[in-house]
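Read-outs: derived from the displayed coordinates by stated rules, not from any lab. For clarity, every value in this text was computed on a predicted model and none was experimentally measured. Counting neighbours? That spans all protein chains shown, and the Cβs are built from the backbone with ideal geometry, glycine included.
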Ligand SMILES: Cc1cc2nc3c(=O)[nH]c(=O)nc-3n(C[C@H](O)[C@H](O)[C@H](O)COP(=O)(O)OP(=O)(O)OC[C@H]3O[C@@H](n4cnc5c(N)ncnc54)[C@H](O)[C@@H]3O)c2cc1C
Ligand SMILES: Cc1cc2nc3c(=O)[nH]c(=O)nc-3n(C[C@H](O)[C@H](O)[C@H](O)COP(=O)(O)OP(=O)(O)OC[C@H]3O[C@@H](n4cnc5c(N)ncnc54)[C@H](O)[C@@H]3O)c2cc1C
Ligand SMILES: Nc1ncnc2c1ncn2[C@@H]1O[C@H](COP(=O)(O)O)[C@@H](O)[C@H]1O
């Protein structure tokens, strides 16, 4: 039987960050990844905020296969027949170090895996963990394809719906309220065409979010990120919202419909879809986080619930990287102390509380509920776009003054609701 | 008994995409040819039955050291590699020359196994050419191999019949994928693979110099241009109507 | 263009090679046979200049011996270009022969065309995902052509029959036994309509439904490779694809086929393709004219009822 210092289950961002950090300190780390290689099946929208994690891995970024730095932030409010798009281009977005980048996981994860291997981590792809081995209340290893593998500590980084955390008793089977689904296509286009269509200079990129009709008014939104030679286009929508409400919406249909919208169709014209993927996203916020540690086990990344869906945008990659890093730090501390009890490993939670990870989750703790309000996804986009259509309309009669145009669309009652909604959102 | 198995490093064909009918090979992960894995399995099965040593042989670019781990995990005892950028995807006669020279450097080879065809090129030449260079007998399209001392009984599967032949050793045998089901290595085997011995040579070590122009030139390599109608039909009736309208069935 | 030497262990394929050599405009064609009088007669009947090797010491199961005999014939006849059939026997000989005479070699050639003194050959590459056009730049060329790429040459004005004597190498391969394959001598390449069954068929009990449909349509049943080699429900003769047959039917009805490239190379020349699959995203659908998302068993039953 083989024994390692640490077994990491799942070679996604969380797992690789943990393995990289531990291997750097010369621990014997085994990463088990069920995909053909790291990144093979991982789904993300594709936007990574680098600032919060830059210093955790100081040597890492120079050669990282990042796609484009995001220099233009856009929001498109979509009503049934019209849309309004706002584009923000700030100078600070064009200054190094850049805040955020578009990334492609198939490339990025594979590269990160190589870096972890260079540090000495052992990566075994195409191997799925089927079971957690628990002896006397302590996690001592895992079973994978008939092999029994032991370690001082196991780090569960196996993504949303983590089997490892569940078997270790740290997480309840999923509640649909706490998950969203995402669908995404990668559409290849010539770089010059991308730069032209999105008004980009050189390696600049744009991030566009779609809200409103794209999800038929349900909680969620669409996203479009520019990569070097492709676009990432997708939809995220709450599972609960998909399940209730009639008529039932087929989520893949939403993405198809989004592609048909003239505003989108013209951006992707001539492109070739080279990848289609779907994935669940934990999004219950703070209250849905798993218990983060137990005897001989830590949980990081999506497995722990560290991703956040604030309606139109999902963040998870930097939480995955950071929580993987802090899990590794907790292991190093436990190793010094020579024990791997839950009590000892609880330092992980302290480290996280001190970091941007838990601070973000605290700050955004009301996000899902505040945004769980259909008006954001139906009434407002419809209202704004209708106002716009009338503002710009030139009929045969004299043009109406602007104020009455706006007022016409708002009753007192609506104004009141609106104020309430925005008061809640202000907390975000 | 020393059994050498030639395995080719190829791009994972499932991951190749097409752009404007051109295959896109950047970033496609490398793997070993499928049928080559059957050849390895045949070698490992022989070793397990009668003892011996299985050596994985491959010529490719520098990634080959990594890729060959798959073979070491699946039962090869050691690897003999020729690593040089010129060799990745090189023309068959060049590869054959290199592999034959490598085999000459390995002691006492009894059996030299190949896949019937490589996953990407599938030309079935390399095994035959190596056999000729070494002056060894050969049997291709094997679906069964039994070694009895200094000979092997091999079943060669042809289109219309199976031939059972007796071949004296050392010999070259190329296998069909039907010969066995290649095993999937366990995690422990994969981990141990990293520690198995590997000999890595360069072209210079073999005293082989590749000529300038390739004997085979590729003028173009494009996906076929097939425009299909992709009409969705909901019922059997609709389908039959459409096929009748095409004139391919009578109704 | 140069003189072309042709050889196949199968008379019918040798006749196809004769056509191939004539079509690329060979200055002359010299056909070699080994211990096969009937083939020699057929080739003479089709107008070929035949060189018959008669030597009991050469055993066709010994590829080294066959390659050596052919190399001696090439030497004696002074030819640079050799056409072989790309059946298994021919492919096995091709590499060995090319190595002896130091030729460039291409196998599994599916089309060829002469261009000056070059012969441009097409063959599948990357597992069938692409078709490569290649030429051999070496003066000596060995080209193995896929069976059925050319029509067999018809009988016509008689050619000539000459004896050719070559030395037999001492053989290290002994033929012990020949077992003919379980008799299913179907020719799916000749069928106008194919009913093709894939792994989507759950039970062998459903196979008769496909057979009934093929019969009603006047076609044949064919299959993807795993149906023949893993499940062994049908004979290998019926496999469509890279390691099976390359078919050009008027109509191919595909039931439960996912559309891996190694399969589709065998069917992409069909005139009309209909795909029945429970998975609407099956990649086969991208390469089909008619797409029906349904359970194949039901569709087979309904088709049989409707026809
Ligand atoms: C559509 C969509 C859009 C998103 N957009 C963004 C965005 O723009 N920005 C952002 O920051 N985040 C985004 N996210 C969230 C982000 O992708 C995730 O939070 C992040 O990928 C989490 O990383 P992870 O390493 O925890 O999990 P994953 O990346 O899911 O990795 C888990 C790994 O574990 C492996 N695994 C699972 N089970 C086993 C097992 N039993 N044995 C072995 N291996 C196993 C898996 O194969 C996988 O490789 C998005 C998510 C989705 C789905
Ligand atoms: C070197 C090499 C050569 C090869 N040569 C060949 C070759 O010549 N020919 C060949 O075929 N393969 C060949 N293969 C194998 C090939 O890669 C594929 O594995 C094979 O073609 C898959 O067969 P399939 O489509 O029948 O099965 P699968 O890929 O398993 O697909 C089954 C399909 O059936 C559908 N289905 C399931 N249930 C139902 C239902 N009830 N009703 C309708 N649809 C259903 C599924 O959605 C699926 O799409 C070769 C492979 C290699 C490596
Ligand atoms: N570069 C290579 N290294 C090792 N073996 C090879 C290489 N190329 C081809 N082979 C072997 O030769 C067989 C036939 O290859 P091919 O002639 O390309 O169809 C393969 O199945 C392998 O066993």
Task: Percentage, to the nearest whole number, of Cα pairs in segment C:4-163 over 26 Å apart - done: 19
Open item on the list: How high is the relative contact order of segment C:4-163? Use alpha-carbon pairs under 8 Å, at least six apart in sequence, and give a whole percent.
Closed with: 31
Open item on the list: Using Cβ contacts closer than 10 Å as the measure, can you line up A:37, A:276, C:7 from fewest to most?
Closed with: A:276, A:37, C:7
TODO: Calculate the tail of P(r) for segment A:34-100: the fraction of all Cα-Cα distances greater than 18 Å, expressed in %.
DONE: 57
Task: Principal semi-axes in Å for segment A:177-282 [√(5λ), Cα gyration tensor, largest first] - done: 27, 13, 12
TODO: For segment A:177-282, calculate the relative contact order in percent as a whole number, restricting contacts to Cα pairs under 8 Å that are 6 or more residues apart.
DONE: 42
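Could you work out, residue by residue across C:233-240, how many beta carbons of other chains sit within 10 Å of that residue's beta carbon, and then give the average as an integer? Write out the running numbers ahead of the final one.
Numbers: counts 0, 0, 0, 3, 2, 0, 0, 0.
Average per residue, whole number: 1.
Find the Cα radius of gyration of chain C, compare it with 2.2 N^0.38 Å by division, and give the number to two decimals. Before the final figure, lay out each step's value.
Details: Rg = 21.6 Å, N = 307, 2.2 N^0.38 = 19.4 Å.
My calculation over the Cα atoms of chain C gives 1.12.
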Task: Burial ordering of C:234, B:18, A:112, B:112, fewest other beta-carbon atoms within 10 Å first - done: B:18, C:234, A:112, B:112
Open item on the list: Using only the alpha-carbon atoms of segment B:2-221 as identical scatterers, what base-10 log of I(q)/I(0) does the Debye formula give at q = 0.17 Å⁻¹?
Closed with: -1.24
Task: Centroid-to-centroid separation of segment C:203-221 and segment A:138-195 [C-alpha atoms, Å] - done: 44
TODO: Take every residue in peptide A:121-129, count the Cβ atoms of other chains within 10 Å of its Cβ, and give the average of those counts.
DONE: 3
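Please list the three semi-axes, largest first and in whole Å, of the ellipsoid equivalent to the protein assembly as shown, using sqrt of 5 times the eigenvalues of its alpha carbon gyration tensor. Don't skip to the end; give the middle numbers.
Values: eigenvalues 672, 266, 127 Å².
Values for the protein assembly as shown, descending: 58, 36, 25 Å.
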- [ ] Assuming a ≥ b ≥ c are the square roots of the Cα gyration tensor eigenvalues, decide whether segment C:188-306 counts as rounded (a/c under 1.5), prolate (otherwise, with a/b larger than b/c) or oblate.
- [x] rounded
- [ ] Would you mind getting me the FRET efficiency between residue C:205 and residue C:181? Use the beta-carbon distance for r and R0 = 25 Å, nearest 0.05.
- [x] 0.55
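Compute and list, largest first, the equivalent-ellipsoid semi-axes of segment C:88-233 from the alpha carbon gyration tensor, each √(5λ) rounded to a whole angstrom.
Working: eigenvalues 265, 97, 72 Å².
After scaling each eigenvalue by five and taking roots: 36, 22, 19 Å.
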TODO: Compute the distance in nm between two label points, each set 7 Å from the Cα along the Cα-to-Cβ direction, one at residue A:51 and one at residue C:55.
DONE: 8.3
TODO: Could you tell me what % of all Cα pairs in segment B:1-74 have separations over 15 Å?
DONE: 57
Task: Contact order relative to length of segment A:126-202, as percent, for alpha carbon pairs under 8 angstrom and 6 or more apart - done: 17
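Mind checking C:291-302 for the average number of partner chain beta-carbons within 10 Å of each residue's beta-carbon? Can you show the working numbers first?
Working: counts 7, 9, 3, 5, 0, 0, 0, 1, 3, 1, 1, 5.
For peptide C:291-302, the averaged partner shielding equals 3.
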- [ ] Calculate for the protein assembly as shown the 222 nm mean residue ellipticity that helices alone would give, adding -39,500 (n - 2.57) per DSSP H run of length 4 or more and normalising by residue count, nearest 500 deg cm²/dmol.
- [x] -8500 deg cm²/dmol
Task: Ranked C:51, A:4, criterion: other C-beta atoms within 10 Å, fewest first - done: A:4, C:51
